[in-house]
Amino acid sequence: MKKMKLSMTVQIMIGMAAGLLLGIILGDKVKDIKLIGDIFLRLIQMSVVVMIMGAVTESVANLDPKELGRFGVKMLFWFLLTTVLAAVTGAALGQFFLPGKGLFLPATDQIVQTSDKGLYNIILDFLPSNIVQSMANSNMIQVIIFSVLFGASLGSCRVKKGRSQLMGVIKEFNEVILGIVHKVMNLAPLGIGALLAYTAGTTGIKVIMPLIRFLLIFACGSLLYLGVMIAFVSFYCKTNPLNVGRKLCNMTIVAFTTTSSAVTLPTKMEDSEKKLGVSKKVSGIVNPLGMTLNSNGLSMFLALACITVSQIYGIPLPMPQLVRVIIISTLACLGTVAVPGGGLVALATVVPALGLPLESIAFLSSIDWFSGMFRTILNVDIDALVAMMIAKDEKELDYGILNGNQ
């Protein structure tokens, strides 16, 4: 009799359930199990930088130099539009449901580290001065910019000479890196289960109670926004929205449980190509770039968080200020750290810029892991949906794969 093999999605869900149960039963005694989860995250993260470099370089080099400008404009248009819409949704949720009304922030002795970067330094930080240092520091936006330029130059050489031996080397290198990632992902059910066991056992429900209303509004808003985007993209690509939603499940679960866009990137790229029918050429550019430039979940979170804080302290936000909230929440997402805790970095930039009390950052940090679950879902899934739309426009969308049962 043929042995039934569980899909990775089912295995991860079993790991999640087991981890939560273990954390709830054993409580703080389970804290040492975090080592297993951290080992899993490290094994994934060790390949992410070189995987991004290889994927972006290969994809850009495969493009005709004349197509690169048009492709880039189209991609940035969708990134900017979806990020702005997410910020508008967050602001609307805050204005309508009033999550901060009647909430009192207790005193905290946590140190709040704010960002004093001006626009000049923010723009300058996009560009690497030493690519090896950028790789060592996992500065994704600098790595991607170098990879785009390297790929564009390699593509020009390929067109001039009619061939490129380096292209073959890079392609084989990418296959080896993906092989490593596939092997590490076999540990996902165990690693993710360990992380959830630690979170449930050490944090529990007590820390989120003061901001449970905020979390519920953010969670429901995130899922509603994702549902609307799935429906829109399905209509745009002329396919079944239920089928698209089903094929997003695996990357959604990994995003939800790891709260890291960087860790989820290998799964997102593989599912985009093998489940959603996006060509490797499009996926290799859109998904890595989207990780740093298309943070819809973070944009919504920042807008909602700022409005919540203003309501807690009784600070009025007239329409000009609301527009400012949306603009700053959108801009703060550019090049944000794509790992757990990255949301607090952006929050420390936005809150002072709007003149809101700094102590609110320390209070919101208590629910960063929980809010990060929903932020990461939007950050990851919207990238994959944008990749679908661009692939459809570029005639790089395989409907046989997209409409299949895989």
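The values are calculated or read from the model by the stated rules, or taken from the named source; none is laboratory data. From a predicted model like this one, the values you see are computed outputs, not experimental measurements. All Cβ positions, even for glycine, are placed from backbone atoms using ideal geometry, and neighbour counts span all protein chains on display. What goes into the accessible areas is simple: the full protein's heavy atoms, side chains included, and nothing from ligands, DNA or RNA. Shrake-Rupley method; radii C 1.70, N 1.55, O 1.52, S 1.80 Å.
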Whenever you get a sec, compute what percent of the accessible area on the stretch 146-258 sits on carbon and sulfur atoms (1.4 Å probe). 72
Apply the Karplus parameterisation 6.51 cos²θ - 1.76 cosθ + 1.60, with θ equal to phi minus 60°, to every residue of the stretch 133-146 and state each ³J(HN,Hα) to the nearest whole Hz, in sequence, with x for glycine and proline. 5, 4, 5, 5, 8, 6, 7, 5, 5, 5, 4, 5, 4, 4
The percentage of the accessible area of the stretch 16-57 (probe 1.4 Å, all protein chains present) made up of carbon and sulfur atoms, to the nearest whole number, is 70
Any lysines whose Cα falls less than 18 Å from that of K238, other than same-chain ones fewer than 8 residues away, would be K247, K275, K392, K395
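For the chain, what is the accessible area per residue in Å² when the probe is 1.4 Å? Intermediate values should be presented prior to the final figure.
Numbers: 19070 Å² over 406 residues.
That works out to 47 Å² per residue.
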Computed about the Cα centre, the charge dipole of the chain from +1 Lys/Arg and -1 Asp/Glu charges at the Cβ has a magnitude in debye, to the nearest 20, of 920
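Rounded to a whole number of µm²/s, how large is the Stokes-Einstein D of the chain at 4 °C and 1.567 mPa s, given Rh as the Kirkwood radius over C-alpha pairs?
59
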Exposed trypsin sites (Lys or Arg not before Pro) being those in a DSSP loop with at most 13 other Cβ atoms within 10 Å, the longest stretch of the chain free of them is 239-394
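Restricting to DSSP H runs of at least four residues, report the calculated mean residue ellipticity at 222 nm for the chain, -39500 (n - 2.57) per run over all residues, nearest 500 deg cm²/dmol.
On the way: 19 runs with 300 residues, N = 406.
Here the helix-only value at 222 nm equals -24500 deg cm²/dmol.
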Along the charge dipole of the chain, Cβ charges K/R +1 and D/E -1, which of N137, G221, A387 sits furthest on the positive end? A387
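With the Cα gyration tensor of the stretch 43-82 giving a ≥ b ≥ c as the square roots of its eigenvalues, does the rule (a/c under 1.5 for rounded; else a/b larger than b/c for prolate; else oblate) give rounded, prolate or oblate? Present the calculation step by step, with values, prior to reporting the outcome.
Details: a/c = 5.70, a/b = 1.48, b/c = 3.84.
It is oblate, given that a/c is not under 1.5 and a/b is not larger than b/c.
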Note on the chain: contact order normalised by length, alpha-carbon pairs under 8 Å, 6 or more apart, percent, works out to 31
By the C-alpha gyration tensor axes a ≥ b ≥ c (rounded if a/c is under 1.5, else prolate when a/b exceeds b/c, else oblate), the shape of the stretch 247-406 is prolate
